[in-house]
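Report on one structure; see the data block that follows.
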């Protein structure tokens, strides 16, 4: 059975479980039609020119895991930023785990997509925001067709959420081949602030494919600080679509740390819909082996006086393949834009590859747009300098790589995340570091 | 003129009419419109071509009919109907000229209007010239002087007759017949073009130059240029283009192949000023050109282009850096105005060790035009110590135009260094203010900034062309300089 047929028959199974007369199910039906037409993106599609999804979609995935697995806090503690108090929305094989989570409905909602979709109380918000931002492409539509669970965050006006919200998806490996399709909706009201940590983690070495879609709405003067930690098992792959809509004076900061996973594709789309918004897209990628990480970013400036900053630092070793596809689109009315994009890459081995395509499409004349892309190596003289002072080569290299990635690390606002990322990098580079960045 | 502001400059740009839009009434020999195997047979027969050449063309045609017109470029246009084009139009039926006296006086008049009076240039600038009008080469000057050095510079149709071994050996080696849609079309129907061979160790004593002009209505220009620089030789080649103003779109699909053997150097400069269409975007030339060069060991190919004309431009002069230590360069200024569209750039393919490439691209868009840079830098796994530097700057004038960059970078070598940077901006008020502050009035400041913006490229043009290019750069700086 082809993947498409498998999907179509699974959809019938889904219809037995959900309310087929609901508003959301109409959307699901439409999305399924779109998926039937669009299919899985191929290499001949410009957006997937350098990333082949073939090896992911030739398997027969289980879409609805049966068994509920009990996992104790101790099993997963190390994957959480457990040193800090946080709201937690935790899923095991795509199913919400209430005993591991800590949600709230007090003043603002940090809860489940399934309850938001089924509870009439949230109908207004769902109708206004759900699936309004996600674009129609094969994989997003596939997610929309099967979406029923994920995190639902709704922060009202004038609230600064006092602690970070951690959204973690675990897969247990009870199924040999599991595909999950989480769907998150985040609505941040005027003048509000929120910090979110998102992670997908496989607990076994069975094949896992996650096709995730997140929609984020940042109202006027709001601040969203989002961290994606991607350090999954080498058998797990992630296709992530994150859509962000920003209103006047809002700021959305997105950090993506990609260290693990077999194939990771990050589609980040920012739509600036109000004046004086600021978008920050930062990323650090350090991969080796046969890993493949693809960052595909879009910043669409549709209003004047806005800014966007992108900074991606990437290091590739062994047979790793990296793709950076950054696009800045400036509409005719979006005057006085300052758009900046920087993509620096280090190729450590001769067999690693980077394919970069930083694009600018500009229709306004009074703008400052620039992008820079470099591919190079560590400075031999700097290495020699350190070795001459008694620092072993391995450590010296690690130091240089830390320095290379540091500008992104410095913009991390949560200290615990910063030290965790620092440790992950140290692990990745195989060194013990005696300093805290 | 009191004060020269950006608005005025913009206005001037908008109103500037195409200066070369005259039509020369000459007897010409045009074959019926349409494309078929038969047409190719006719073209080949008219050219007295040997059997292998006809076979080569037919091969290309067979590949061509299987292909589809590509749509990925960032341009929109009504696809030319290839069946309504005449694929052969020769001015006058006389095949060759021995001296200028024999040339049709009207043709000479054309040259004068173009500002390239052959005899004058012969004496003054020492440029050897090949003029291609409606796809047939009409004059090649300085043949004797070049002949003494062993340099062959002649129409490609002549080269097919007289130097078949060279043509056979190199034609289609850089741009194979099946390379792309328009290259295949060109391979099938090309009617003339220039051929140049520089023997071993010879430094060509003068600039070689070709002038292209589409004259007859409803014809397409499909010229084919082949430049071969043998070991240790050097040549600088210039190419200029114009076409008369017409309401319908004319198609120009040329192929240029450069071959730089060991230690050779080729400098190829283009000033493209095909008719861009009128201010409403009507008419104009579709310029769909394939240009590519291959570099062997220690050789160098340098492309310099000034693109001011054509309704739609679609070209990527490229370098395949095959030999170790070879160097590729690309310097480009593309100016688009009114409804012009340009999608241009380069490909640098690094295969050999220690290969170097430089890309400097300057785009200036005004009116309602769209200007795109599209480039590829590819570093192969064996291209140790490869080095690339790319810089793409765009200048926007007015808020109805667009500037785009699509750089592709593919690197699979850890010892290589690749740098790419791009900026888009308008003439900054702060820049003008800075100049004003130092006693330079706005008029001069704009001239200075635009000049400075394109200087890196203009500097790379040979002297004779640099002057013309500056003139063509539609940014008319008259009244603002000096």
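Write down the Å³ per residue value for the convex hull defined by the alpha carbon atoms of the range B:317-408. Mind dumping the intermediate values first?
On the way: hull volume 5.7 nm³, N = 92.
Dividing the Cα hull volume of the range B:317-408 by its residue count gives 62 Å³.
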Practice task
Give me the number: length gained by fully extending residue A:22 to residue A:163, i.e. 0.36 nm times residue separation minus the C-alpha to C-alpha distance, one decimal in nm.
Solution key: 47.4 nm
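Cα convex hull of the range A:241-291: mean projected area in nm², to one decimal?
On the way: hull surface 13.9 nm².
Over all viewing directions, the range A:241-291 projects a mean Cα-hull area of 3.5 nm².
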Handout entry: Sum of -39500 (n - 2.57) over DSSP H runs of 4+, divided by residues of the protein assembly as shown (222 nm, nearest 500)
Key = -7000 deg cm²/dmol
Practice task
Find the centroid of the Cα atoms in the range B:30-74 and in the range B:324-397, then give the distance between the two in whole Å.
Solution key: 31 Å
Handout entry: Test item: A:79-89 mean partner chain Cβ contacts at 10 Å
Key = 0
Practice task
Using only the alpha carbons, work out the radius of gyration and Dmax of the range A:145-190 in angstrom.
Solution key: 14.6, 46
Problem - Length-normalised contact order of the range A:139-280 in % [C-alpha pairs under 8 Å, at least 6 apart] - result: 21 percent
Problem - Inter-label distance for residue A:127 and residue A:290, nm, one decimal - labels placed 7 Å from Cα along Cα-to-Cβ - result: 5.0 nm
Problem - Computed label-point distance, nm, for sites residue A:403 and residue B:38 using a 7 Å Cα→Cβ extension - result: 7.4 nm
Problem - Extension gain (nm, one decimal) between residue A:62 and residue A:47, 0.36 nm per residue minus Cα-Cα - result: 2.7 nm
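R0 = 35 Å: FRET efficiency of residue B:46 with residue B:280, Cβ-based, nearest 0.05?
On the way: r = 38 Å, r/R0 = 1.07.
Calculated value: 0.40.
What full-extension length gain, to one decimal in nm, is calculated for residue A:4 and residue A:340 as 0.36 nm per residue of separation minus the Cα-Cα distance? Before the final figure, lay out each step's value.
Values: separation 336, 0.36 × 336 = 120.96 nm, distance 3.97 nm.
Taking 0.36 nm per residue and subtracting the Cα distance, the gain is 117.0 nm.
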Handout entry: Cα-only Debye scattering, the range A:378-437: base-10 log of I(q)/I(0) at q = 0.19, 0.24, 0.25 Å⁻¹
Key = -0.69, -0.97, -1.03
Fill in the blank from the handout: Whole-Å distance linking the alpha carbon centroid of the range A:109-174 with that of the range A:3-28 is 18 Å
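For A:212, B:36, A:411, A:72, what ranking results if the residue with the fewest other Cβ atoms within 10 Å of its Cβ goes first? It would help to have the intermediate numbers written out before the result.
Working: A:212 23, B:36 12, A:411 15, A:72 9.
So the ranking, lowest neighbour count to highest, is A:72, B:36, A:411, A:212.
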Exercise for the section: With a Förster radius of 22 Å, plug the Cβ-Cβ distance of residue A:387 and residue A:432 into 1/(1 + (r/R0)^6) and report the FRET value to the nearest 0.05. Expected result: 0.80
Problem - Backbone N under 12 Å from the residue B:391 label point (7 Å along Cα→Cβ), restricted to the range A:335-349 - result: none
Handout entry: Residues B:55, B:239, sorted so that the one with the fewest Cβ neighbours within 10 Å comes first
Key = B:55, B:239
Handout entry: For the range A:378-437: relative contact order, % (alpha-carbon pairs under 8 angstrom, 6 or more apart)
Key = 29 percent
Fill in the blank from the handout: Computed from the beta carbon distance with a Förster radius of 56 Å, FRET efficiency for residue A:156 and residue B:382 to the nearest 0.05 stands at 0.40
Completion exercise
Taking a crude spin-label model, label points 7 Å out from Cα along the C-beta direction, the residue A:275 to residue A:349 distance in nm is 5.3 nm
Problem - Bridge type composition, chain A - antiparallel percent by DSSP, nearest 5 - result: 5 percent
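Report, as a whole number in µm² per second, the diffusion coefficient that Stokes-Einstein gives for the range A:3-274 at 10 °C and 1.306 mPa s using the Kirkwood radius over alpha carbon pairs. Walk me through the intermediate numbers first.
On the way: Rh = 18.9 Å.
Using the Kirkwood radius from Cα pairs, D works out to 84 µm²/s.
Based on other C-beta atoms within 10 Å, arrange A:417, A:286 from fewest to most. The partial results should precede the final answer.
On the way: A:417 20, A:286 27.
Ordered by Cβ neighbours within 10 Å, fewest first: A:417, A:286.
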Exercise for the section: Please report the Cα spread of the protein assembly as shown along all three principal axes, rounded to whole Å, starting with the longest. Expected result: 99, 69, 66
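Values quoted throughout were computed directly from the atomic coordinates according to the rules given, and no laboratory measurement underlies them. Computed from a prediction, not measured in an experiment: that's the story for all the values here. Note that each Cβ is placed from the backbone with ideal geometry, even for glycine, and that neighbours are counted across all protein chains shown.
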